[in-house]
Amino acid sequence: MRRVGLVTGAASGIGAGVAKALAADGVEVMITDVNEAQGRALAAEIRGGFVAGDLANREDCYAIVAETVRTFGQLDILVNNAGFQHIDPIPDFPEDTWDRLIAVMLTAPFLLMKYAWNSLIKSPQGRIVNVASLHGVVASPFKAAYITAKHGMIGLTRTAALEGGPHGLTVNAVCPAYVRTPLVENQIRDQSRTRGITEEEVIEKVMLEPAAIKKLLEPEDVAALVVFLCSKAAWGITGSVQLIDLGWTAK
């Protein structure tokens with residue numbers, strides 16, 4: 001059966017891993033990202049499509065979905081992955097950064113789901129996967145907007161699952177711990193420098209101190225779960241929060 005997927009924030013990191021894995025599973029993939037050069041390069045690599053867009057802009061959200069359907073004639077899978085982090089204590093948190101982060105990481109997934117809904121419920125295998133985070137179920141200091149967005153995404157996932165269920169549309173959230181992405185690798189280098197410890201010690205003693213397994217996830221690890229949730233075998237899984245948390249929440 002022919003399937004078409006749209007993956008946001010797919011020029012690098014988890015999104016790129018998901019786009020590659022879906023393409024390897026036979027899905028025709030449309031990539032969207034603000035990084036046009038990397039996005040187009042990956043689209044060419046996986047023989048997919050690319051559409052540039054800023055998810056903080058509502059018109060772009062609509063245009064991304066419309067272009068996907070226009071190009072491929074259908075839309076069966078939506079993976080909401082795009083995002084970014086900002087670290088600051090609440091009193092110092094820049095208001096414009098809060099607004100943009102919430103727009104990209106919470107409002108945009110809602111809008112993309114809204115605009116894609118009619119196509120997704122027509123599909124015999126409609127799937128939405130929201131890439132949330134371990135921080136969608138636990139909190140850490142200095143990440144107020146990020147954690148608010150990820151908690152909100154889980155609520156949005158559950159609500160959409162209830163509304164999509166009668167149509168056979170499944171909606172799930174994937175919540176990984178720290179994943180080896182360019183953003184995380186930059187954080188590791190910065191903390192190694194400021195704390196005067198090795199990068200391995202940053203991973204084991206700082207980032208993953210609460211986890212049972214002291215090892216970063218790879219984008220491919222998250223992508224494998226996303227591909228499964230988009231498969232026929234996962235037809236009965238919906239409204240779920242799929243933790244890949246290295247045992248973080250087992251205590």
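Just a few scattered comments:
- Scoring 6-15, 36-45, 119-128 by mean Cβ neighbours within 10 Å over their residues and listing the highest first yields 6-15, 119-128, 36-45.
- In summary, the lysines within cross-link reach of K215, defined as a Cα separation below 16 angstrom excluding same-chain residues under 8 places away, comprise K205.
- Note on the chain: with charges restricted to the Cβ of Lys and Arg (+1) and Asp and Glu (-1), its dipole about the Cα centre is near 740 debye.
- Most to least packed among 180-186, 79-85 [average Cβ atoms within 10 Å]: 79-85, 180-186
Laboratory data are not the source of any read-out in this text; all were calculated from the coordinates shown. Note that the structure is a prediction, hence the values are computed from the model and not measured. Note: ideal-geometry Cβ built from the backbone for every residue, glycine included; neighbour counts use all protein chains shown.
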